[in-house]
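Novice: Just dropping this structure here.
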Ligand SMILES: [Zn+2]
């Protein structure tokens, strides 16, 4: 149980002081978690060094809050996992994220629903929102992205197949 005055986010499990306010349109989170994500995003938009890695934070937050199954949320999870794969396993620059997502959507691949893992990772938005310097922020965002990606490991193989399909190599079995 979360201590009095706090609540655990239904998406990532982060325990934060309760707050009112908005939540995401279709991704499920506590208002406090969404607000913390807003703070991390705001810091990224005012600092070019933070902004360069910000897609890692966008992807990590999205896959820790997959939302109820639907066409929109299933595609969201797929695209964010695909870019996490490219950034973390292939060393692609996170700055390329928005362009990659546009290209992935244009491919019109049928992204089936992936059952979200019960455990979404040890690192949540709490780590980057607590960081005070740019260096800490960037390190925290990287840790967060790795943790979120690792949490989805039962589906890594499917994600690699989608990346292959997006690249036009067709899907094929991989180990
Ligand atoms: Zn959350």
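Novice: Would a scan of region 158-165 turn up a residue that is without any contact (Cβ under 8 Å) to a residue 24 or more places away in the chain and within 16 Å of the ligand (Cβ to nearest atom)? Lay out the reasoning, then the answer.
Specialist: Going residue by residue through region 158-165, those that are without any contact (Cβ under 8 Å) to a residue 24 or more places away in the chain are 161, 164.
Imposing the further condition that a residue be within 16 Å of the ligand (Cβ to nearest atom) reduces the set to none.
No, region 158-165 contains no residue that is without any contact (Cβ under 8 Å) to a residue 24 or more places away in the chain and within 16 Å of the ligand (Cβ to nearest atom).
Novice: If we keep just the residues of region 73-93 that are without any contact (Cβ under 8 Å) to a residue 40 or more places away in the chain and within 16 Å of the ligand (Cβ to nearest atom), which is farthest from residue 143 (Cα to Cα)?
Specialist: Looking at the filtered set, the residue picked out is 77.
Novice: Yes or no: region 66-75 includes at least one residue that is under 20 Å from residue 158 (Cα atoms) and buried (at least 22 other Cβ atoms within 10 Å of the Cβ).
Specialist: So far as region 66-75 goes, yes, one or more of its residues are under 20 Å from residue 158 (Cα atoms) and buried (at least 22 other Cβ atoms within 10 Å of the Cβ).
Novice: If you don't mind, there's one more thing I want to ask. Within the set of pairs 6 or more residues apart or between chains, which connect a residue that is at pLDDT below 95 inside region 59-72 to a residue that is more than 16 Å from the ligand (Cβ to nearest atom) with Cβ atoms less than 7 Å apart?
Specialist: 69/113
Novice: Here is a follow-up. What number of residues within region 1-37 satisfy the criterion of being within 18 Å of the chain's Cα centre (by Cα), free of Cβ contacts under 8 Å to residues at least 12 places away in the same chain and either buried (at least 20 other Cβ atoms within 10 Å of the Cβ) or more than 12 Å from the ligand (Cβ to nearest atom) (or both)?
Specialist: Counting residues in region 1-37 that are within 18 Å of the chain's Cα centre (by Cα), free of Cβ contacts under 8 Å to residues at least 12 places away in the same chain and either buried (at least 20 other Cβ atoms within 10 Å of the Cβ) or more than 12 Å from the ligand (Cβ to nearest atom) (or both) gives 1.
Novice: Which condition does residue 147 not pass, out of (1) surrounded by fewer than 17 Cβ atoms within 10 Å (Cβ to Cβ); (2) out of contact with any helix residue (DSSP H, G or I) (no Cβ under 7 Å at 6 or more places or on another chain), if it passes all the others?
Specialist: Among (1) surrounded by fewer than 17 Cβ atoms within 10 Å (Cβ to Cβ); (2) out of contact with any helix residue (DSSP H, G or I) (no Cβ under 7 Å at 6 or more places or on another chain), the lone unmet condition for residue 147 is (1).
Novice: Of the residues that sit in region 97-114 and are over 15 Å from residue 165 (Cα atoms) and under 15 Å from the mean Cα position of the chain (by Cα), which one is surrounded by the fewest Cβ atoms within 10 Å (Cβ to Cβ)?
Specialist: Among those that are over 15 Å from residue 165 (Cα atoms) and under 15 Å from the mean Cα position of the chain (by Cα), it is 98.
Novice: Evaluate region 119-127: report whether one residue or more is part of a helix (DSSP H, G or I) and in contact with a helix residue (DSSP H, G or I) (Cβ under 8 Å, 6 or more places away or on another chain). Let's see the steps before the verdict.
Specialist: Here is the first cut: in region 119-127, the residues part of a helix (DSSP H, G or I) are 126-127.
Of the ones still in play, those that are also in contact with a helix residue (DSSP H, G or I) (Cβ under 8 Å, 6 or more places away or on another chain) are 126-127.
So far as region 119-127 goes, yes, one or more of its residues are part of a helix (DSSP H, G or I) and in contact with a helix residue (DSSP H, G or I) (Cβ under 8 Å, 6 or more places away or on another chain).
The values are calculated or read from the model by the stated rules, or taken from the named source; none is laboratory data. Just so it is clear, the structure is predicted and the values come from calculations on it, not from any experiment. We place every Cβ from the backbone using ideal geometry, glycine too, and count neighbours over all the protein chains shown.
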